[in-house]
Amino acid sequence: MRNLKNQTLRGGFAKLCGQAASFVVRFAYIMVLARLLSPEDFGLVAMVVVVTGIYELFTSAGLSAAMVQQARVTNEQISQLFWVNLLVGFVLAALCAATAPVLVRFYHEPRLFWIAIAMAPGFIIAAASVQHMAILQRELRYVAITVIEFVALLVSISIGIGMAFAGLGYWALVGAALGLQAASTVCAIAVTRWVPGRVRSFSGIAPMLWYGGTLSLNSLVMYVASNADKLMLGRVWGADALGLYGRAYQLINIPILNLNLAVGGIAFSALSRLQDDAVRLRSYFLKGYSLVVSMTIPVTIFCAVFADEIILVVLGPTWTEAAPIFRLMSPTILIFAMINPLSWLLFSIGLQRRSLSIALVMTPIMIAAYAIGLPHGPVGVAAAYSAAMALWLVPHILWCLHKTPISVADLAVAIGRPLLSGLLAAGAAAATESYLSDAYTLAPLLKLVLGGGVMALVYLGALLFVFGQKDFYLDLIRGLRSPVTGGSY
């Protein structure tokens with residue numbers, strides 16, 4: 001356990017570097033596809049994904065997290081979990097194919113039939129590598145995980161761009177999705193070199209099945225809550241409106257999603273090993289939480305202030321209607337960045353039932369917000385969504401932290417310093433944007449570079465020196481440079 005800090009820091013650093021590279025590549029990919037495909041192309045695939053994405057939640061059946069969370073696990077248990085995952089993959093593929101005619105009738109769009117059929121094999125492919133990836137995560141081999149994810153992303157992007165250039169329209173998006181799953185599975189199997197064994201019974205994994213089932217149900221509830229907006233928009237306003245909304249949401253969510261993917265997995269692995277050590281668990285959680293929040297706040301503020309320029313540079317002039325949606329979604333993304341890391345804490349200490357209860361309360365609140373905004377189209381839905389999440393923030397935090405090693409005061413300190421720094425940076429960014437707009441006629445990219453530079457300088461100066469966070473980041477750097485000795489955990 002003495003090396004957990006250094007392994008966690010190094011694994012987290014590897015993931016951050018990988019996600020930073022993925023962020024750049026994904027942005028370039030979005031820029032290219034936005035100019036090769038129409039909003040309708042994206043909307044058609046989104047109509048399918050918003051429904052079949054529910055099945056994707058069950059590909060792992062929560063069993064990867066269940067395996068990582070266990071203090072001890074045998075090779076036989078991993079084999080049992082593998083065969084359960086593979087069986088689930090076949091069932092989900094059949095359900096995806098069966099959903100095809102239902103989607104056609106619901107949306108009155110015949111093109112959705114073959115999109116759903118084509119996506120079905122992906123569930124089997126993805127299920128085959130769930131336990132291989134869990135093995136890597138349990139062993140904190142995040143350099144290997146980062147390489148696998150990046151290679152799979154490059155394969156996916158190559159397929160997508162190639163098909164788009166060939167004039168295959170929305171099929172480019174389908175091909176990219178399947179390519180990502182296939183490449184990830186092949187790489188994970190090759191790296192771990194683990195081969196599942198034959199099993200005689202599944203009695204040894206009953207507690208993990210229960211844990212995984214609870215996590216899967218939690219994911220299902222939150223998926224419904226997070227995607228009902230797209231379902232409603234597609235049904236009432238059509239593929240074009242959904243394409244604009246979906247692109248805006250994905251674009252603003254990419255940096256935050258990458259950051260959470262980089263920190264969340266390794267934080268869950270580390271916290272699971274500290275679930276019986278409240279003092280160290282509190283310290284590790286708050287450091288990870290502070291890191292995520294301090295990196296999220298300036299990104300969301302930058303997106304809100306420079307929404308018009310970001311949309312022009314990334315998506316192009318045909319997507320200008322996405323700019324107000326993009327701006328209105330920024331508060332929601334910031335709020336989720338504050339509350340999502342709390343799931344690391346709940347899952348690692350075995351409070352998955354509480355997380356499920358919270359999700360069951362959040363869902364009707366979010367769906368009600370969508371319904372209120374729906375008559376006003378994508379902009380109305382985005383505005384109502386952000387308003388609802390702003391009202392929910394404090395109750396969510398209080399509920400999550402109740403009777404845990406983390407106090408509300410702890411979290412307030414972790415949020416307060418970067419938030420105040422962000423507000424100062426927001427003022428500087430807004431003033432810069434206003435001055436540049438009034439005094440000069442600058443290209444959108446130049447405005448982004450100049451405004452972002454001013455904002456970054458103000459934010460870092462305030463956070464590191466005014467609010468005294470310099471020592472925190474220096475400690476992280478020292479941890480990265482310290483040698484790792486000893487064995488595994």
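Near residue 458, within a Cβ-to-Cβ distance under 15 Å, what is the net charge of the other residues, with Lys and Arg +1 and Asp and Glu -1?
Working: positive: 417; negative: 433.
After counting each charged neighbour, the total is 0.
Could you point to the residue in 135, 355, 104 farthest towards the positive end of the chain's charge dipole, with +1 and -1 charges on the Cβ of Lys/Arg and Asp/Glu respectively?
Working it through, the farthest residue towards the positive pole turns out to be 135.
Any idea what diffusion coefficient the chain gets from Stokes-Einstein, in µm²/s, Kirkwood Rh on alpha carbon pairs, 20 °C, 1.002 mPa s? The partial results should precede the final answer.
Working: Rh = 23.6 Å.
Translational D for this selection: 91 µm²/s.
What ranking, highest mean first, results for peptides 405-414, 133-142 when packing means the other Cβ atoms within 10 Å averaged over each residue?
Values: 405-414: 15.7, 133-142: 21.9.
Averaged packing, sorted descending, gives the order 133-142, 405-414.
Just tell me which aspartates and glutamates come within less than 18 Å, Cα to Cα, of residue 447; anything on the same chain fewer than 8 places away is out.
Here the aspartates and glutamates satisfying the reach criterion relative to residue 447 are 308, 309, 433, 438.
Between residue 190 and residue 353, take the C-beta separation as r, use R0 = 51 Å, and let me know the FRET efficiency to the nearest 0.05.
Details: r = 37 Å, r/R0 = 0.73.
Taking R0 as 51 Å, the efficiency between residue 190 and residue 353 is 0.85.
Run lengths n ≥ 4 of DSSP H only: what is the helix-derived mean residue ellipticity at 222 nm for the chain, with -39500 (n - 2.57) per run over all residues, to the nearest 500? Numbers along the way, then the final one.
On the way: 19 runs with 398 residues, N = 489.
So the calculated ellipticity at 222 nm is -28000 deg cm²/dmol.
Take residue 277 and residue 446, extend 7 Å from each Cα along the Cα→Cβ direction, and tell me the distance between the two endpoints in nm.
Going from the residue 277 label point to the residue 446 one covers 5.5 nm.
Please list the three semi-axes, largest first and in whole Å, of the ellipsoid equivalent to the stretch 115-248, using sqrt of 5 times the eigenvalues of its alpha carbon gyration tensor. Write out the running numbers ahead of the final one.
Details: eigenvalues 194, 102, 37 Å².
For the stretch 115-248, the ellipsoid semi-axes come out as 31, 23, 14 Å.
If the label point is 7 Å along Cα→Cβ of residue 368, which residues in the stretch 390-424 have backbone nitrogen under 13 Å from it?
Label zone hits: 391-392.
Among 282-290, 238-246, how do they line up from the highest to the lowest mean number of other beta-carbon atoms within 10 Å?
Values: 282-290: 20.1, 238-246: 23.7.
Put in order of decreasing packing, that is 238-246, 282-290.
Could you go through the stretch 242-250 in sequence order and give the Karplus-derived ³J(HN,Hα) for each residue, using 6.51 cos²θ - 1.76 cosθ + 1.60 with θ = phi - 60°, rounded to whole Hz, and x for Gly and Pro?
Coupling constants for the stretch 242-250: 5, x, 5, 5, x, 5, 4, 5, 5 Hz.
Could you size up the charge dipole of the stretch 238-482 around its Cα centre, putting +1 on the beta carbon of Lys and Arg and -1 on that of Asp and Glu, and report it in debye to the nearest 20? Spell out each step's value before the answer.
Details: 14 positive and 11 negative charges, 167 e Å.
Dipole magnitude for the stretch 238-482 comes out near 800 debye.
Could you give the nm distance between label points at residue 376 and residue 114, where each point is 7 Å from its Cα heading toward the beta carbon?
4.1 nm
Working out 0.36 nm times the residue gap between residue 158 and residue 408, then minus their Cα-Cα distance, what length gain in nm do you get to one decimal?
Values: separation 250, 0.36 × 250 = 90.00 nm, distance 4.60 nm.
So the extension gain works out to 85.4 nm.
Would you work out the relative contact order for the stretch 238-482, in percent, from Cα pairs under 8 angstrom that are 6 or more residues apart?
On the way: 244 pairs, mean separation 58.5, N = 245.
Reported relative contact order: 24 percent.
Read-outs throughout are calculated quantities, based only on the coordinates presented, and are distinct from any laboratory measurement. Predicted model only: the values in this text are computed from it and were never measured. Note that each Cβ is placed from the backbone with ideal geometry, even for glycine, and that neighbours are counted across all protein chains shown.
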